[in-house]
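The values are calculated or read from the model by the stated rules, or taken from the named source; none is laboratory data. Quick caveat, the model's predicted, so the values are computed rather than measured. With ideal geometry, Cβ positions are generated from the backbone for all residues, glycine too; neighbour counts draw on all protein chains shown. Side chains included, ligands, DNA and RNA excluded: accessible areas come from the protein's heavy atoms. Shrake-Rupley method; radii C 1.70, N 1.55, O 1.52, S 1.80 Å.
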Amino acid sequence: MMKKISLAIVLLAFIVPIFGQTNCKIKKASAYYTSSAPGMQMVDDNGYPVPPKMTIDRFIYIELTSRKKPEIVTVLYNTTVLSVTLTAVEGNKAVLGSNFANNPDFNVQAKKCNSLWKLDLYTVDGKDMPELDCKDISINIKNEDGTTCTFKISNESRLNLLPRY
């Protein structure tokens, strides 16, 4: 009797997680940002300095288990909704940065039979871009069956740029 109960518990431990799986096509995702400030200090009509405004560009690379174009519902950065432009990456590999002031070589590559997509992110209605080094990023994608899958990213990496003037 005890062997049957033990066997049932072991089998149950393997069966239950199968039903808890989500049907999310996103295999992995990584978020990146660049930031730059204007080179010269601007002044207003009275000669007072105007604080420089940082330009923050954000993008995410996602690896999908299918080749079909994903339907992105929303992308959230700390509860701020960002607009998305989606682009397929040719060759399933992207080299993001190299040789710019200690930039490590960031490479993103999809596994065989998967596809790689780039999500360029923009603010909505002229709002400010969320703060740097965001820790709460969510991608909501619509599945083929109509359900929505949420994929979370817990950090983003900074890429260095050449100086802007």
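Restricting to segment 130-143, give me the number of residues that are open to solvent by 40 Å² or more (accessible area, probe 1.4 Å) and over 12 Å from ILE72 (Cα atoms).
5
Considering segment 45-73 alone, what residues qualify as being part of a strand (DSSP E or B) and either small (Gly, Ala, Ser) or under 30 Å from LYS25 (Cα atoms) (or both)?
Selection gives ILE56, ASP57, ARG58, PHE59, ILE60, TYR61, ILE62, GLU63, LEU64, GLU71, ILE72, VAL73.
Keeping to segment 115-165, report how many residues are within 21 Å of LEU86 (Cβ to Cβ) and small (Gly, Ala, Ser).
Count: 4.
Just for segment 156-165: of the residues that are over 9 Å from the mean Cα position of the chain (by Cα) and of a type outside the set (Lys, Arg), which one is modelled with the lowest pLDDT?
Out of the qualifying residues, it is TYR165.
Which ones in segment 104-123 are part of a loop (DSSP other than H, G, I, E, B) and at pLDDT 85 or above?
ALA110, LYS111, LYS112, CYS113, ASN114, THR123
Which of the residues spanning segment 145-161 are closer than 13 Å to VAL73 by Cα and surrounded by fewer than 13 Cβ atoms within 10 Å (Cβ to Cβ)?
Residues satisfying the conditions are GLY146, THR147, THR148.
Would you point out the residue of segment 117-129, among those that are among the hydrophobic types (A, V, I, L, M, F, W, C) and under 12 Å from the mean Cα position of the chain (by Cα), that is most open to solvent (accessible area, probe 1.4 Å)?
Only one residue fits best here, namely TRP117.
Of all residues in segment 33-75, which are of a type outside the set (D, E, K, R), open to solvent by 60 Å² or more (accessible area, probe 1.4 Å) and modelled with pLDDT of 85 or more?
The answer is ASN46, TYR48, PRO49, THR65, VAL73.
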